[in-house]
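Right, one structure below, let's go through it.
The values are calculated or read from the model by the stated rules, or taken from the named source; none is laboratory data. Note that the structure is predicted; figures quoted are calculated from it, not measured. Every residue, glycine among them, receives a Cβ derived from its backbone with ideal geometry; neighbour counts consider all protein chains shown.
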Amino acid sequence: MVNKDTQQNDKKEEWCSAEALGSLFEICVKGQLDSSWSDWFEGMEVKLLDNGKMSLCGYVVDQAALMGILTRLCNLNLSLLSFRQVSPAEKQQKSSQKEK
């Protein structure tokens with residue numbers, strides 16, 4: 001039998017750890033860099049897409065860090081195509097699809 005208090009504590013710890021990571025963002029640019037640039041972009045995952053596009057996906061702790069990433073992309077002459085914050089529900093849905 002599972003204790004309700006334990007379940008609530010687990011959910012609270014999960015929420016707190018996700019909150020500490022910041023918000024999840026996906027940035028798409030025109031141009032490509034290899035995955036070795038991940039550290040330079042605050043550890044965001046670098047995915048090469050079709051047609052010379054690239055996607056950066058990862059947690060950003062605050063607005064200053066986000067502006068730093070966008071500035072670096074601009075300084076590399078990579079054109080911003082799209083930028084969005086991924087909702088927790090969408091993140092959870094993508095995670096469950098990967099597990100299947």
Note down all Cβ pairs under 9 Å where the first residue falls in the range 60-85 and is farther than 15 Å from GLY43 by Cβ and in contact (Cβ under 8 Å) with a residue 12 or more places away in the chain, the second is of a type in the set (D, E, K, R) and part of a helix (DSSP H, G or I), and they're at least six residues apart or on different chains.
-> LEU78/ARG72
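I need the full set of residues from the range 80-100 which are hydroxyl-bearing (Ser, Thr, Tyr) and either surrounded by 12 or more Cβ atoms within 10 Å (Cβ to Cβ) or modelled with pLDDT under 95 (or both), in order please.
Scanning the range 80-100 gives SER87, SER95, SER96.
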